[in-house]
Amino acid sequence: IAKKSKNCYVFFSKRIHLQLIKKIEIEQALQNALVKNEITLVYQPQLNAQHELYGVEALVRWNNEKLGIISPEIFIPIAEKTGLMPAIGAYIMNKAMADISTLQYKMKKSFKLSINVSARQFVQLNFFEALCDCLNCYKSPYMDITIEITESLFIENVQRLRPIFKKMKEQNVSLSLDDFGTGYSSLSMLKNVPIDELKIDKSFIDFITDNKNDRAMVESIITMGKNLGMTVLAEGVETEKQVTILKNKGCDLYQGYYFSKPLTLDALEVFIGNPR
Ligand code: C2E
Ligand code: CA
Ligand code: CA
Ligand code: CA
């Protein structure tokens, strides 16, 4: 047993060691990701119940020559911890507005551009300034911005953030509550923050076809959101059955692989030209 547990110990420490090296490698590579043009954006369409284009969500991608493709779920927390997120966040906001305003002018079409902003990003002092700079830079009759936030941040900061919410409203920027239902403070957030849109988390959508309880929860979320005057979007919609159920329950907006995966700007142009 002693030997076995010793082997176990060696095995674990080696794995942890490798993870550590990997993390340091990621951190170092991330330092140069912007200048090396490794950070790109893709856009996932959001549709209304008539399957017309409502908007797009900008999703960041990082492709490093040595490390390969690294998920934003991995590198964004690292960017936040190492102080790189303000720069990467500003880049994302700027690039997304540049891309989409160009496309909107070209197609003479207005639709929403939804940008993810992490909790830490949002509470940075210069976040709102950076947003306003971009809004001024890409001001156009077509531009219509939504900022997606998650509930985690607001547990303690709501009062302090109130002036920012007010200023966002003045700039006609909408606020979307992402991953709704997965956090700790969902309901108090709805009470205290001027949310325009509720995004029902994919984990609730996944089983609505087979699970009565999940169906009931989604129905309640839709009803509550609408009663509060919010637009309700279902994310991670993958099947026609899910769409049918959600439509019957009055869901306003749909996003997911059933309609489209996240697309490059060129592919988005094609998608808008030939909707599903
Ligand atoms: P999220 O904001 O909840 O984004 C939804 C994620 O689900 C995206 O993954 C998207 O590609 C994926 N998805 C969409 N539809 C479907 C579907 O039908 N089926 C499945 N299986 N997946 C679907 P992605 O792009 O890997 O992003 C993961 C997370 O990383 C995002 O979750 C968001 O929290 C964060 N993130 C992505 N881009 C940004 C960004 O520009 N800024 C910040 N701060 N966070 C970002
Ligand atoms: Ca999102
Ligand atoms: Ca989400
Ligand atoms: Ca998420």
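The values are calculated or read from the model by the stated rules, or taken from the named source; none is laboratory data. Being a predicted model, the structure only gives us computed values, none of them experimental. Every residue, glycine among them, receives a Cβ derived from its backbone with ideal geometry; neighbour counts consider all protein chains shown. Note: areas computed on protein heavy atoms with side chains; ligands, DNA, RNA excluded. Shrake-Rupley method; radii C 1.70, N 1.55, O 1.52, S 1.80 Å.
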Assigning unit charges at the beta carbon (Lys, Arg +1; Asp, Glu -1) and nothing else, what dipole magnitude in debye, to the nearest 20, does the chain show about its Cα centre?
700
Within a Gaussian network of the chain (alpha carbon springs, distance under 10 Å), most fluctuating of Gly181, Gly68, Gly250:
Gly68
Among Ile24, Asn48, Gly83 the positive-end extreme of the charge dipole of segment 1-133 (Cβ point charges)
Ile24
Over the chain, relative contact order from alpha-carbon pairs under 8 Å, at least 6 apart, %
18
To the nearest 20 debye, segment 136-276 has a Cα-centred charge dipole, built from +1 on Lys and Arg Cβ and -1 on Asp and Glu Cβ, of 460
Loop-only check: which chymotrypsin sites (Phe, Trp or Tyr not before Pro) in segment 176-276 are DSSP coil with at most 15 other Cβ within 10 angstrom?
Tyr184, Phe207, Tyr257
Between exposed GluC sites (Glu not before Pro) in the chain, where DSSP calls loop and at most 16 other Cβ atoms lie within 10 Å, what's the longest gap?
66-237
Where does the chain land at 222 nm, in deg cm²/dmol rounded to the nearest 500, when only DSSP H runs of n ≥ 4 count, each adding -39500 (n - 2.57), divided by all residues?
-16500 deg cm²/dmol
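Relative contact order of segment 12-114, please, whole-number percent, based on alpha carbon pairs below 8 angstrom and at least 6 residues apart.
Numbers: 93 pairs, mean separation 25.7, N = 103.
25 percent.
So, for segment 66-133, what is the accessible surface per residue at a probe of 1.4 Å, expressed in square angstrom?
That works out to 48 Å² per residue.
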Candidate lysines - alpha carbon under 26 Å from Lys261, same-chain residues fewer than 8 apart omitted
Lys36, Lys66, Lys95, Lys106, Lys108, Lys109, Lys112, Lys199, Lys202, Lys241, Lys247, Lys249
Nearest 5 percent is fine: what portion of the DSSP beta bridges confined to segment 1-126 is antiparallel?
75
Give me the dipole magnitude in Debye, nearest 20, for segment 162-208 about the Cα centre, with unit charges on the beta carbon: positive for Lys and Arg, negative for Asp and Glu.
320
With the other protein chains left in place, how much accessible area per residue, in square angstrom, belongs to segment 155-252 at a 1.4 angstrom probe?
53
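Considering only protein heavy atoms and a 1.4 Å probe, what is the carbon-and-sulfur percentage of the accessible area of the chain? All intermediate terms of the calculation are to be shown ahead of the outcome.
Details: 8070 of 14890 Å².
Percent of accessible area from carbon and sulfur atoms in the chain: 54.
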Mind jotting down the distance between the C-alpha centroids of segment 38-106 and segment 169-215, whole Å?
21
